[in-house]
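The values are calculated or read from the model by the stated rules, or taken from the named source; none is laboratory data. Predicted model only: the values in this text are computed from it and were never measured. So basically every Cβ, Gly included, is an ideal-geometry build from the backbone, and we count neighbours across all protein chains shown. Heads up: the accessible areas ignore ligands, DNA and RNA and are worked out on the full protein's heavy atoms, side chains in. Shrake-Rupley method; radii C 1.70, N 1.55, O 1.52, S 1.80 Å.
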Amino acid sequence: MAGDERPLVATVRRAVRAENLQWRVSYLLDDDDRVPVYPLGAEPEGLPEVGEVPPVDFQAVVARSTTNPFLARLARTAGLPADPLGRNPGTALDVMALPAAAALPTSVDWRFRWGWPWVTTIRDQDPCQACWAFTAVALVEAMNRIEHCVWTHRSEGDVHKGMGATCPSTGDFANALNHIRSHGVCDPGCFPWTPADIAHTPCFDRVGRTIGFDRLEWVGTMEDQKRWLHTVGPLATFFQVHNDFFAYGGGVYQPSSGSTAESSHAVLIVGYDDADGCWIAKNSWGPGWGDNGYFRIKYGVCDVDKRAKIGITGTDPDPLTRRRLHNGCFFESGGGTLHRDFELLAKDGTRLHQWVRSGDHHPYPWNRVATFATDVGSHPAYTATTFGRNQETVYSTTGGRLHHWWREPATGPWHDGGVFGPTDAAGIPGFIQGNYGSPANFEVVVGTTSGQFNHWWRDLGGWHDGGRHGNNISHVGPALVQGRDGPFGSLELLVVLGDSRLQHWWRNDDQHMTWSVRDTFGEDGYESAPCMIESQFGAAHELATGNYEMCVVRGDKIEHWWRWNGGDRQWRHSTTFGGSAVAVLGMTQGSWGFNLELVALRTDGRLQHYWRDLAGWHAGVIVA
């Protein structure tokens, strides 16, 4: 549409007022301006119409969905029976029956539901005809958050260029979602969004940095679409854009009688509102457009309800997405049909036993699956990495060195990665995959008998000594986190001093990578190393820093502390729980809602699983 053919903003304002429409023109536009034009790009031809798809079997959909206490509450509200086994709010119903006549709520909005945000930030496709790629990525991001309670940031460029598209290319979000299901979608650090016409050249370790999903479902009738939004999550759709829509600034949109149709546009439906008779949609024209990047559109207008919409389930977060959510000897992997198995390494004498807890069906049993190594001197640090989603572990040996082992994620034996590090290593190492390099470097810290901590890092060229730091340090353990301060991030570490107090160290990665003390806190009496993660609490969106959560033994009980990273950055003692504890060996925040999970070493040498929901800490099973 040529610039002189676009209507004046004043003309649109008059039409909206004269026809008593329920929306308003953006206050950012002056009356003398021409209505702007934004890129579109959807190809709806070939998408099934509403009557061409069968009804959704919601009993099957809900029964196979990942656990989430908020979704369980949602299911009960929708008419599902209470949990007949009386399990904790973080477990799923094994058998569900969704009554066909279950009443739907009058409104659903996934932007902020039950007090939690679920939808990632608004993006901008300008100047490309790439709405189809942006909608597909937005759906994957939202469903990953809903199913696994973790934010993720995915790259529209990985889909766009991975499918061979250029800026003038139009596309079909169904094809984009099928591409993601087959090939996954990586983070922007691996391959960013760009309007430039360049080849798709993602990072070396893309396979370990991609999120995929298992199932795609067409959702036909409006009743089924609302029930999907209520029971499962957002939906991808398209509609016919009229030229006055570009000027939208809020309210419930429907085209004015004098407007003209332009082309088709793909968006993400994040909710509905029966009181206003509309869908709530996430757009991809930046946060300055519309209602902070969102809009409401009246049911039935602009072909928005002509064709079936698409929903997905069974997302599988990659190790990069989950890397800050765990530390120590166990983590949640992508194993199992629901991609939420727990993986645990337990020291037994000088050997390691690998245990897996199935996340598919109650009672979620722990099973020993492997035994390896003969020189284990400490409990291990254990993680998944972007090297093909390999599982990797580092422990202190009986000879005071560090030993690295690795294995493929689902099959195959453990491989000896070699011995490295100091000759006086003592205690559990902190072991993570950081920010630097591609694939990103491994970072390890370990206590030494000299009363310091020794930092080591590994790139593709091998292990390198990062120096010794601090003095009068008595315990170093699984409390190393890749922080987010500054453009390059930071390393964050908690230790116990010789006077049995806690000390927070950090490495400033923007200024010569120097280690320094942030804070010293807590009372005396800490006789084992702390365990720390960055949680999803306090993270308002996928780019925000969550709170640090730390658990440490004092006496024979476990203290839980947290640091408000989005506020005053002070450590706070939350509560004390448990008993007969010697050390916290591992902690994670997984797909069971926003629950925290930890494994502690008991005075009898056995491992105890604890978990915390919003009601507090609970003792789980003795694992090994």
Completion exercise
Heavy-atom accessible area with a 1.4 angstrom probe orders K347, K309, most exposed first, as K347, K309
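Quick one: ranking T11, T321 by accessible area, 1.4 Å probe, largest first, what do you get? The partial results should precede the final answer.
Values: T11 60, T321 20 Å².
Reading off the accessible areas and sorting them downward yields T11, T321.
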Practice task
Run the 1.4 Å probe and let me know the accessible area of F594, rounded to the nearest 10 Å².
Solution key: 10 Å²
Handout entry: Whole-number accessible area per residue in Å² for the chain, which is evaluated in the context of all protein chains at 1.4 Å
Key = 36 Å²
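Stokes-Einstein at 4 °C, 1.567 mPa s, Kirkwood radius from Cα pairs: D for the chain in µm² s⁻¹? Can you show the working numbers first?
Numbers: Rh = 25.9 Å.
In µm²/s, the coefficient is 50.
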Handout entry: Exposure rank, largest accessible area first [K298, K282; 1.4 Å]
Key = K298, K282
Handout entry: Simple Cβ-charge dipole of the range 494-624, Lys/Arg +1 and Asp/Glu -1, about Cα centre, in debye nearest 20
Key = 140 debye
Problem - Among 201-210, 147-156, the order from most to least packed when residues are scored by Cβ within 10 Å on average - result: 147-156, 201-210
Fill in the blank from the handout: Cys residues of the chain with no disulfide-compatible partner (no other Cys Cβ under 4.7 Å) are C131, C149, C278, C302, C329, C531, C551
Problem - Count of lysine pairs in the chain with Cα separation under 26 Å (8 or more residues apart, or interchain) - result: 12
Fill in the blank from the handout: For the chain, the charge dipole (Cβ of Lys, Arg +1; Cβ of Asp, Glu -1; about the Cα centre) points to a positive end, and the Cα of P195, G300, I146 closest to that extreme belongs to I146
Practice task
Using a 10 Å cut-off on Cβ atoms, rank the peptides 288-296, 603-611 from the highest mean neighbour count down.
Solution key: 288-296, 603-611
